[in-house]
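J.: Dropping a structure here in structure tokens format, bear with me for questions.
The numbers here are math on the coordinates, done by the rules we state, and not lab data. Small disclaimer: the values here were computed from a predicted structure and weren't measured. Methodologically, a virtual Cβ is constructed for each residue, glycine included, from the backbone with ideal geometry; neighbour enumeration extends over all protein chains shown.
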Amino acid sequence: MDQVKFNSEAMHIKDHSSKHLSQETVKKLINQSQEAKKQAYCPYSKFRVGAALLTLENKVFTGCNVENACNNLGVCAERTAIFKAVSEGYRNFKAIAVASDLEDKVISPCGGCRQVLREFGSNWDVYLSKPDGSYVKKTVEELLPIPFGPEDIAMKKVDISHEC
């Protein structure tokens, strides 16, 4: 039923359901995040992270963390995957799987990554995994309750034109 197809930049996973992923698809997505982790550039922290992002069109974009000697210039795996997808024209996502080398607990996105995930909706899945393939499933909303999102920009505000 589920098939993985490779192309030059991203993989495709065949999963016909738009909301609930099959166990096989979840496993493949987690495996892809573990493979992406192998490309991490982390000479300072030695903390590898990989991510695999599944679009509504069943295309997978992977990412890894990339550190920099100037710490704040590095980028997380989750943001790398999202930025790759957005740069290819994708804006709607089903799920993202995140992997690290932590054995005793699942990896979870940092606050900045949670906000970037939220930019693209709050009701999609995040699979927090361990190297053995076990995982915890959360939604973006569960990871970032009471978020600030794009719709907040358009909400009615107090008129401050006379103060400026």
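J.: Against the conditions (1) surrounded by fewer than 21 Cβ atoms within 10 Å (Cβ to Cβ); (2) out of contact with any strand residue (DSSP E or B) (no Cβ under 7 Å at 6 or more places or on another chain), where does CYS113 fall short? Just the number, please.
T.: If we test CYS113 against (1) surrounded by fewer than 21 Cβ atoms within 10 Å (Cβ to Cβ); (2) out of contact with any strand residue (DSSP E or B) (no Cβ under 7 Å at 6 or more places or on another chain), just (1) comes out false.
J.: What's the number of the condition VAL116 fails, among (1) among the β-branched types (Val, Ile, Thr); (2) in a loop (DSSP other than H, G, I, E, B); (3) under 23 Å from GLU35 (Cα atoms)?
T.: Going through the list (1) among the β-branched types (Val, Ile, Thr); (2) in a loop (DSSP other than H, G, I, E, B); (3) under 23 Å from GLU35 (Cα atoms), VAL116 breaks only (2).
J.: Here's something else I'd like to know. Mind checking whether some residue in region 54-70 is under 18 Å from VAL136 (Cα atoms) and hydrophobic (A, V, I, L, M, F, W, C)?
T.: yes
J.: Quick one: is CYS64 farther than 14 Å from ASP125 by Cβ and surrounded by 15 or more Cβ atoms within 10 Å (Cβ to Cβ)?
T.: Yes; evaluated as a whole, the condition is true for this residue.
J.: When only residues in region 20-38 that are without any contact (Cβ under 8 Å) to a residue 60 or more places away in the chain and of a type in the set (Lys, Arg) count, which is farthest from ILE107 (Cα to Cα)?
T.: Per the stated criteria, the residue is LYS28.
J.: Look through GLU163, GLU142, GLU151 and report the one residue that is under 17 Å from the mean Cα position of the chain (by Cα), farther than 19 Å from LYS37 by Cβ and surrounded by fewer than 15 Cβ atoms within 10 Å (Cβ to Cβ).
T.: Only one candidate passes the filter, namely GLU142.
J.: Any idea which residue in region 119-139 is surrounded by the most Cβ atoms within 10 Å (Cβ to Cβ), counting only those that are touching a residue at least 60 places away in the same chain (Cβ under 8 Å) and in a loop (DSSP other than H, G, I, E, B)?
T.: PRO131
J.: Starting from residues that are touching a Leu at 6+ places or on another chain (Cβ under 9 Å) and either over 22 Å from ASP125 (Cβ atoms) or small (Gly, Ala, Ser) (or both), keep the ones in region 67-92 and report whichever is surrounded by the fewest Cβ atoms within 10 Å (Cβ to Cβ).
T.: Filtering first and then ranking leaves GLU67.
J.: While we're on this one: Go through (1) surrounded by fewer than 20 Cβ atoms within 10 Å (Cβ to Cβ); (2) in contact with a helix residue (DSSP H, G or I) (Cβ under 7 Å, 6 or more places away or on another chain) for LYS105 and report which single condition fails.
T.: (2)
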